[in-house]
1. Counting other C-beta atoms within 10 Å, which of Asp88, Asp74 has the fewest, and how do the rest follow?
2. Test of understanding: express the Cα radius of gyration of the stretch 28-135 as a ratio to 2.2 N^0.38 Å, with N the residue count.
3. Please sort 46-58, 102-114 by packing, taking for each peptide the average over its residues of neighbouring beta carbons within 10 angstrom, highest first.
Amino acid sequence: MSITTENAVKDSETVQSAPAAPPPGKTRLNVTEKALARIRAAMVKEGVSPEQGGLRVGVSGGGCSGLSYNIRFDTQPRERDRVFEFGDVRVFVDPKSYIYLHGMTLDYNEGLLQSGFAFVNPNANKSCGCGSSFTA
């Protein structure tokens, strides 16, 4: 089951002059229940306060396909971040990364050989084999 910000507490729209508006119908970020459970567990382990901190998801140049996903914890959102709340989990996305991440689903896969977060991104034209970089 996937949770969207429509079911979440809020989607902060305090972003001023975001670079480009995403197409209608793709303005949300999705996080699956499996990913939320892993995020919650990692926040406890890392000592990140759910009231102030959250998961920062972003994109930077690099990787074998041109753009790489980044994921880390942050103590608070930045001034221009979009803040998505999924119950007690907050996800921060900066305006430039949001151009590439709108409509994306963050999932968590567990397998015998590899476990980790998976980005299901409708904006990616091509992805590398490891799933950590893409071309838009």
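1. So the residues, fewest neighbours to most, are Asp88, Asp74.
2. On the way: Rg = 13.5 Å, N = 108, 2.2 N^0.38 = 13.0 Å.
That works out to 1.03 for the stretch 28-135.
3. Numbers: 46-58: 16.3, 102-114: 14.5.
Per-residue mean Cβ counts within 10 Å order the peptides as 46-58, 102-114.
Rule-based calculations on the coordinates, nothing more; no lab input. Note that the structure is a prediction, hence the values are computed from the model and not measured. Cβ: placed from backbone, ideal geometry, glycine included. Neighbour counts: every protein chain shown.
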